[in-house]
Amino acid sequence: MRTDDFNYDLPPGCIAQTPAEPRDSSRLMVCHRDTGIIEHRRFRNLPDYLSPGDVLVVNDSRVLPARLLGHKSDTGGAVELLLLKRLSLTRWEALVRPGARLREGARAEFGGGLLRAVIQDRTPGNARMVEFGWDDASGTFEQLLDKLGEMPLPPYIREKLADPERYQTVYAVRAGSAAAPTAGLHFTSELLRHIQDKGVSVARVLLHVGLSTFRPVHSGEVESHEMHSEYYEVTQDAARLINDAREAGRRVVCVGTTSVRVVESAAKDGRIAPSSGWTSIYIYPGYSYQVADVIVTNFHLPKSTLLMLVSAFWSREAVLDAYSVAVREGYRFYSFGDSMVMI
């Protein structure tokens, strides 16, 4: 299968630079997979397409202020790190800003030396291992990161975010992501209460989002791409809610591709097992879904694994046709953009 088959043209003006206000005022494209009918609604109308007994699966990971700006300890040159994955108490996998020319063993400082870093070997994904150090009197690493770090907005968002909480879902609690699970950005607390009042249960799962999920696939063949691993958790309560719904013939509604990847990673013979660990599940056309019945998702980058995932749920042709409709109808794309629900 060719990666170019998942390409499409998007005018730059379609890329959302700011989040919708209020959150649930964003547009919602409703795609009926059985008939191909497309409706144009607002996200606040999502409950109209949910039924009592359904389970809404959300990823409650919280985005870290993972962008660190500092300087080289020897020359004072600018250094920018983007933290991707925590490997130990002091060691992280991180991206280094191109042009910094940080050799193995190079040292950097952040916050006037409150946080120090030693650049180590490269990873298979061309990131770097980074060993951090700090004085205990300065606080914990998490406290220093909250103080010194910035929200890691995607590079296609060029406008400054006035409120960093707008790049967090309203239900985000467990910090660890390098990017937001953006399909969840449309929910308000009031909308979630409305959904639950309708008899829909909410199952919270966890996947700490890494940047590799969002990157375009560069290999010519889809099957040649290798996914990076991301940490996930499914609690006993979440597994029970999902399994009970499936046994009762009710639907599992996954909010975002991250929730999809969690439930499909934890699935065996159509049931979910309480579990945790690292998943590198790669979903593209030909994959047979075990758990997800409905997917709520944003509009994704060309040639991305996320576009391939939603194409496996519907079909490549149907998804690309829906994207063409979205462009024609003025939908906003990517992280702060509008949403679609595939029923």
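Any chance you could check the Cα centroid distance between the stretch 292-343 and the stretch 214-233 for me, in angstrom? Going from one Cα centre to the other spans 18 Å. Modelled spin-label separation between E317 and S189, with each label point placed 7 Å from Cα along the Cα-to-Cβ direction: 4.8 nm.
Give me the net charge of R86's neighbourhood, meaning all other residues with Cβ under 11 Å from the Cβ of R86; Lys, Arg count +1, Asp, Glu -1.
Details: positive: K85, R91; negative: E93, E142.
With Lys, Arg at +1 and Asp, Glu at -1, the net is 0.
Figure legend: label point modelled 7 angstrom from the Cα of D9 along Cα→Cβ; residues of the stretch 273-302 with amide N under 17 Å from it are 302.
Here the stretch 3-107 is treated with +1 on each Lys and Arg Cβ and -1 on each Asp and Glu Cβ, and its dipole about the Cα centre works out to around 720 debye.
Count charges around G330 for me, please; just the other residues with Cβ under 13 Å from its Cβ, Lys/Arg as +1, Asp/Glu as -1. So the environment of G330 carries a net charge of +1.
Charges only on Cβ, +1 for Lys and Arg, -1 for Asp and Glu: so what's the dipole of the chain about the Cα centre, in debye to the nearest 20? Don't skip to the end; give the middle numbers.
Details: 40 positive and 42 negative charges, 69 e Å.
Result for the chain is approximately 340 debye, rounded to the nearest 20.
Run lengths n ≥ 4 of DSSP H only: what is the helix-derived mean residue ellipticity at 222 nm for the chain, with -39500 (n - 2.57) per run over all residues, to the nearest 500? Walk me through the numbers before you get to the answer.
Details: 6 runs with 61 residues, N = 343.
Per the formula, -5000 deg cm²/dmol.
A cut-off under 15 angstrom between Cβ atoms defines the neighbours of G112, and their net charge, with Lys, Arg +1 and Asp, Glu -1, is +2.
Charge dipole of the stretch 67-148 (Cα centre as origin; +1 on each Lys and Arg Cβ, -1 on each Asp and Glu Cβ, all else neutral): 340 debye, rounded to the nearest 20. Residues whose amide H lies under 5 Å from that of A66, counting only those 5 or more places away or on a different chain, are E150; hydrogens are built 1.01 Å from N in the peptide plane.
For the stretch 115-122, backbone phi angles converted through the Karplus equation (6.51, -1.76, 1.60; θ = phi - 60°) give residue-by-residue couplings of 10, 10, 9, 10, 7, 10, 6, 7 Hz, Gly and Pro being listed as x.
Near the amide H of V57, within less than 5 Å, lie the amide hydrogens of A203, V253, C254, V255, all on another chain or at least 5 residues away, with H placed in the peptide plane.
Placing unit charges on the Cβ atoms of the charged side chains and taking the dipole of the chain about its Cα centre, the candidate lying farthest along the positive direction among A326, W134, P302 is W134.
W278 to Q236: extension gain in nm, 0.36 nm per residue of separation minus the Cα-Cα distance?
Numbers: separation 42, 0.36 × 42 = 15.12 nm, distance 1.75 nm.
Result for the pair: 13.4 nm of gain on full extension.
Shape annotation for the chain: C-alpha extents along the principal axes are 64, 42, 39 Å, from largest to smallest. Here the extension length gained between S324 and E247 equals 24.0 nm, from 0.36 nm per residue of separation less the Cα-Cα distance. Based on the convex hull around the alpha carbon atoms, the stretch 67-148 presents an average projected area of 4.9 nm². Does anything in the stretch 323-338 have its amide N under 20 Å from the 7 Å Cα→Cβ label point of K198, and if so which residues? So the set is 338. Taking 0.36 nm per residue of separation and subtracting the Cα-Cα distance, full extension of the segment from D146 to R103 would add 12.8 nm.
Computed from backbone phi, the HN-Hα couplings of the stretch 141-152 come to 4, 4, 5, 5, 5, 4, 7, 9, x, 10, 5, x Hz, rounded to whole numbers (Karplus: 6.51 cos²θ - 1.76 cosθ + 1.60, θ = phi - 60°; Gly and Pro given as x).
Phi angles across the stretch 174-182 convert, under the Karplus curve 6.51 cos²θ - 1.76 cosθ + 1.60 with θ = phi - 60°, into 3J(HN,Hα) values of 9, 5, x, 8, 8, 7, 7, x, 5 Hz, Gly and Pro given as x.
Each value in this text was obtained by applying a stated rule to the coordinates, not by laboratory testing. This is a predicted model, so every value here is computed, not measured. Heads up, the Cβs are rebuilt from the backbone with ideal geometry, glycines too, and the neighbour counts pull from every protein chain shown.
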